[in-house]
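Here the structure comes first, spelled out in structure tokens, and everything after it is commentary.
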Amino acid sequence: MSKADVVIGCFYGDEGKGKVIDYLGTDADIAVRATGGDNAGHTIKVNGVKYAMRLIPSGILSGHTIGVIANGVVMNPEVLLAEIENLKVHGYDVENYLKISDKTQVILPYHPMIDVALEKARKSRKIGTTGRGIGPAYCDKYERSGLRVEDLYADSFAERLKEHVESKRALLKFYDPEDTSIDEKLDFDRILNHYRGYAEKLKPYVCDTVTYLHRALEQDKKVIVEGAQATLLDIDFGSYPYVTSSNPTIGGVITGTGLSASDIGNVYGVIKAYSSRVGEGPFVTELLDATGDRIRDLGHEYGTTTGRPRRCGWLDLVTLKYAKRINGLTALSVNHIDTIGRFDKIRVCVAYDCNGTVTEDFSTSLEFLNAAKPIYKEFDGNFGDLSGCKSFEELPENARAYISFIEEYIGVSVKFIGTGPGREEMIVRE
């Protein structure tokens, strides 16, 4: 019986997980998305075409890997259908290579509206949400009033939807009584017609993915689970409240798929050779200077889904050690080593100084993080052109020293090294 390998982001997302997933997907039978919604995105370039995968597992781009949207996801049908159509236009056989859990939560039109209204009400304490309705959809899930994919086909769907639309309309008028567009945007008949249409188009893909995945492992199929967002955005283990509304850590993989702990094989943690973050919240190694701007420009650090410029800084190994502990990482992937190698000197955070106390242990306490000052170790840069490097031994000495120090500090080997933006620009160490 085979095991499911997992790819997890170690920091704040956007680490380049899609590149590792794309590589693993070359011989994977199934790729699974376990958590999150279309607030996350993997950008993959295949045969000169760039794909922004928000809901469908990017492993499907291999052409022979089945993509599974599992029960832990919150799904906007309109976004999903647009992704399906884009794949079909580019020649992908989606009908035979996509499956959607009947337990997946459905995002309705009122969810993004509530998301935006809540963020507006927070004023100076904004979280930095994308406004796509992810949080409100998860709220409905845990309040046990959400609609799942299976509910779209139930006889009671219209009745339940009407109750939801009426209650959410009243809620939105409470939040923003001056908004005169609420009634028009939440017209029940129009929403019902749209979602019945979505349900009809999605019906061929819907199945019991829990049973499907377990049978696949029993048949020794190769399964990979694609992480969305990352460890420090986890609702429990991230820098709360500046987090997402799900568990993009190893625990979320288990509850989001129906796989058990004993079904998990390798857990690959993905980082950049520097750090970045989108949205609000603490960021200990952030550089609010020309160096941070240069990292952003060299690394093309703009969000896949939102286009927002990312906050950038030096690599934080205190955070990485925390991610290792939470997720049980078995190996690392370090991307953008070509980007950071353009600097003369590179700094790496090896400890925090919090009000005079030096520690190598991370804490999600906002008071701690806001007071923490990074303690750096400096390395020589100027790695040069890495495009011709096909093995670790071919990397320049300074690049090897940088990677080796990360391994030594964290106690986990670096298996993947990204040397450029292309899918083929990656060193894989055996």
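Structure above, values below:
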item	result
Hits in the stretch 83-96 (condition: over 21 Å from Thr35 (Cβ atoms) and in a helix (DSSP H, G or I))	Glu85, Asn86, Leu87, Lys88, Val89, Val94, Glu95, Asn96
Residue within the stretch 260-272 that is farther than 30 Å from Leu217 by Cα and part of a strand (DSSP E or B) present	yes
Flag if Val165 is β-branched (Val, Ile, Thr), more than 30 Å from Val49 (Cβ to Cβ) and in contact with a Gly (Cβ under 8 Å, 6 or more places away or on another chain)	no
Looking only at the stretch 344-382, and only at residues there that are of a type in the set (D, E, K, R) and touching a Gly at 6+ places or on another chain (Cβ under 7 Å), the one that is farthest from Ile410 (Cα to Cα)	Asp344
All positions within the stretch 106-128 that are crowded, with 22+ Cβ neighbours inside 10 Å and closer than 16 Å to Val73 by Cα	Val106, Ile107, Leu108, His111
Matching residues in the stretch 370-406 - criterion: being of a type in the set (Lys, Arg) and in a loop (DSSP other than H, G, I, E, B)	Lys390
Hits in the stretch 17-27 - residues which are buried (at least 24 other Cβ atoms within 10 Å of the Cβ) and either in contact with a His (Cβ under 8 Å, 6 or more places away or on another chain) or part of a loop (DSSP other than H, G, I, E, B) (or both)	Lys17, Gly18, Ile21, Gly25
The stretch 277-291 - residue that is at pLDDT 95 or above and buried (at least 19 other Cβ atoms within 10 Å of the Cβ) and, of those, farthest from Thr364 (Cα to Cα)	Leu287
Residues of the stretch 310-324 satisfying the condition of being more than 14 Å from Val270 (Cα to Cα) and more than 19 Å from the chain's Cα centre (by Cα)	Gly313, Trp314, Val318
Residues within the stretch 46-68 that are surrounded by fewer than 24 Cβ atoms within 10 Å (Cβ to Cβ) and in a strand (DSSP E or B), tallied	6
Residue match in the stretch 188-195 (condition: of a type in the set (Val, Ile, Thr), in a helix (DSSP H, G or I) and under 30 Å from Thr43 (Cα atoms))	no
Filter pass, Gly307 being within 19 Å of the chain's Cα centre (by Cα) and surrounded by fewer than 23 Cβ atoms within 10 Å (Cβ to Cβ)	yes
Failed item in (1) free of Cβ contacts under 8 Å to residues at least 24 places away in the same chain; (2) not assigned by TED's automatic domain parsing to the domain that holds Val165, with Asp115 passing the rest	(2)
All positions within the stretch 408-430 that are closer than 25 Å to Thr26 by Cβ and not in a loop (DSSP other than H, G, I, E, B)	Val414, Lys415, Phe416, Ile417, Gly418, Met426, Ile427, Val428
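Conditions tested, residue by residue: (1) over 14 Å from the mean Cα position of the chain (by Cα); (2) crowded, with 22+ Cβ neighbours inside 10 Å; (3) within 28 Å of Asp208 (Cβ to Cβ).
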| residue | (1), (2), (3) |
| --- | --- |
| Gly227 | no, yes, yes |
| Ser246 | no, yes, yes |
| Ile254 | yes, no, yes |
| Tyr274 | yes, yes, no |
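The values are calculated or read from the model by the stated rules, or taken from the named source; none is laboratory data. As the structure is a prediction and not an experimental result, all values here were calculated from the model. Quick reminder, even Gly has a Cβ in these numbers, built from the backbone with ideal geometry, and neighbours come from all protein chains shown.
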